[in-house]
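To keep things clear, I will list the structure first and then write my remarks on it.
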């Protein structure tokens, strides 16, 4: 077992199980990106009721194993849309290419119910404007959030959308139509690398000028996101918050370096751990070397999780006591790591005392 290999945990809860969904329709967005619209059977409607900004986890067969990937929903319930995910091909991308090559109208695929924390703030009293940064296919959850904000709130929304060139702009016609429909409340800024070069920090600073009270939402390739994140902390934010969605594809079993051994038990590590969940503290038996998530589920706790590979961030929790090691933590930002956030699916205690607290 390699260091990056997840240790799957099972749950009887349907929200942590895969269900078969049928493709209702397919929309070719660009030469290398497609949107897949899903039909939800009546028996699964409650389970698959989603919020703007969430994602689906897909599982497909590959050789003698299965691979999983998370893809954001680009649709919005506020617009009465069926659930839709938009997938862009990537070089050597197994699932992204498989979906684009194999899924058509009437196809079926195994899908886990929606999850994710990249959500619009629900406090109706908040009147902060929204400033959204989307890079390439990172537009998908951002698109969902801007639709909800425009339909359900009175907040002003600005989207800075960066792409390689005009032909790679996903949702181009739809965004232009939305900008016309919500003229005065929605500002669309299109940045094309082939015309003006990569988006630079001075460009970002210019786009957020006069919007220091915004809530900021960021999703896109790592260099794009790093540039935006590194610029925002230097701005005098006034009441706003920063939300980041960072997806990195899991490393499949046959691509994991054999020389990387899984972390084993540490001398003096915990034999019990504490889990704080929904205001209650639970003392949970722990087997040294296993991920904390596995111990929590074995104890019957309804902790949040999805991919189990350390790439979606759903199982993030605050480390309140002790120390842990994490083989993979790409789903967490530098700011979150510094604040003490960890991923339960990757965390293994290295100290006798360890306490994790999950947000409500």
Legend entry - Condition met for residue 317 (out of contact with any helix residue (DSSP H, G or I) (no Cβ under 9 Å at 6 or more places or on another chain), without any contact (Cβ under 8 Å) to a residue 60 or more places away in the chain, outside any loop (DSSP other than H, G, I, E, B) and on the phi < 0 side of the Ramachandran plot): no
Legend entry - Hits in the range 337-358 - residues which are free of Cβ contacts under 8 Å to residues at least 60 places away in the same chain and over 13 Å from residue 310 (Cα atoms): 337, 338, 339, 340
Inset, instruction - Identify the single condition in (1) at pLDDT 95 or above; (2) more than 18 Å from residue 80 (Cα to Cα); (3) in a strand (DSSP E or B) that residue 61 does not satisfy, given that it satisfies every other one. - result: (1)
Legend entry - Unmet requirement for residue 146, which otherwise passes all of (1) part of a helix (DSSP H, G or I); (2) in contact with a helix residue (DSSP H, G or I) (Cβ under 9 Å, 6 or more places away or on another chain); (3) farther than 30 Å from residue 15 by Cα: (3)
Inset, instruction - Go through (1) more than 24 Å from residue 69 (Cα to Cα); (2) within 16 Å of the chain's Cα centre (by Cα) and name the single condition residue 310 misses. - result: (1)
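Output the residues belonging to the range 253-276 that are under 22 Å from residue 331 (Cβ atoms), surrounded by fewer than 19 Cβ atoms within 10 Å (Cβ to Cβ) and either in contact with a strand residue (DSSP E or B) (Cβ under 9 Å, 6 or more places away or on another chain) or at pLDDT 90 or above (or both).
Correct list: 253, 263, 276.
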Legend entry - Within the range 333-347, considering residues that are in contact with a strand residue (DSSP E or B) (Cβ under 6 Å, 6 or more places away or on another chain) and assigned to a loop (DSSP other than H, G, I, E, B), the one modelled with the lowest pLDDT: 333
Inset, instruction - Go through (1) modelled with pLDDT of 95 or more; (2) surrounded by 16 or more Cβ atoms within 10 Å (Cβ to Cβ); (3) closer than 17 Å to residue 30 by Cβ one by one and return the number of the condition residue 220 breaks. - result: (1)
Legend entry - Selection count where residues are at negative phi and either part of a helix (DSSP H, G or I) or in contact (Cβ under 8 Å) with a residue 60 or more places away in the chain (or both), scope the range 167-219: 35
Inset, instruction - Being under 26 Å from residue 307 (Cβ atoms) and in a loop (DSSP other than H, G, I, E, B) narrows it down to one of 118, 133, so name that one. - result: 118
Legend entry - Residues that are without any contact (Cβ under 8 Å) to a residue 12 or more places away in the chain and outside any loop (DSSP other than H, G, I, E, B), drawn from the range 282-314: 283
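Here is a check on your reading of the model: is residue 137 in contact with a strand residue (DSSP E or B) (Cβ under 9 Å, 6 or more places away or on another chain), in the same structural domain as residue 224 (by TED's automatic domain parsing) and within 23 Å of residue 24 (Cα to Cα)?
Judged against the criteria, residue 137 is a match.
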Legend entry - Verdict on residue 238 being over 30 Å from residue 306 (Cα atoms), surrounded by fewer than 19 Cβ atoms within 10 Å (Cβ to Cβ), modelled with pLDDT under 95 and over 24 Å from the mean Cα position of the chain (by Cα): yes
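The values are calculated or read from the model by the stated rules, or taken from the named source; none is laboratory data. Note that this is a predicted model, so its numbers are computed, not measured. Here the Cβ is made from the backbone with ideal geometry for all residues, glycine too, and neighbour counts use every protein chain on show.
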